[in-house]
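Student: Right, I'll just put the structure down here and ask away after.
Any read-out appearing in this document is the output of simple, stated calculations on the displayed coordinates, not a laboratory observation. Because the structure is a prediction, the values reported are computed rather than measured. Please note: Cβ atoms are built from the backbone with ideal geometry, for glycine as well, and neighbour counts cover all protein chains shown.
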Amino acid sequence: MSERISEAEHAVMEVLWRESPLGAAEVAERVDPSRGWSDRTVKTMLSRLLAKGVLEHEEEGRRHLYRPTVSRDDFIRHQSGRLIDRMFGGPVT
C-alpha cells in the first residue's frame with residue numbers, strides 16, 4: 001500500500017471496515033454527521049479510495065457496493081511503520 005490516505009478518506013474507510021459491502025448512500029449515512037458531508041462528497045472519497053486501490057466495488061443493479069481491499073490491522077501496521085521510518089530516518093533495527 002504505497003498511497004497515502006487522508007484523514008477524510010480514513011473516515012470513510014472506518015465505516016467500511018465496520019460494515020461492508022455498502023453502497024455510497026449507506027456510507028454517507030454512517031459517516032459522522034458532524035462532518036456535514038453530502039452524498040457527492042462521500043462519492044468523491046470513494047472514487048479516490050478506489051483509485052488508490054484500497055477499495056473495490058461490485059455492481060448490484062444500478063448501484064455499486066464498496067468493500068476494503070486491505071484490513072484495518074494491515075493498514076494500521078503499515079501506517080505505524082511509515083511513522084517510525086519518518087521519525088528515525090529509516091527502518092529501526
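Student: How do the peptides 41-53, 57-69 rank, highest first, by the average count of neighbouring beta carbon atoms within 10 Å per residue?
Tutor: Details: 41-53: 17.2, 57-69: 13.3.
Answer by packing, highest mean first, reads 41-53, 57-69.
Student: Here is a further query. Between residue 23 and residues 5 or more places away or on another chain, which pairs have amide H atoms under 5 Å apart, with H built 1.01 Å from N, and which residues are they?
Tutor: Result for residue 23 returns 66.
Student: Please label the shape of region 29-81 as rounded, prolate or oblate, based on the square roots a ≥ b ≥ c of the eigenvalues of the alpha-carbon gyration tensor (a/c under 1.5 means rounded; beyond that, a/b larger than b/c means prolate, else oblate).
Tutor: oblate
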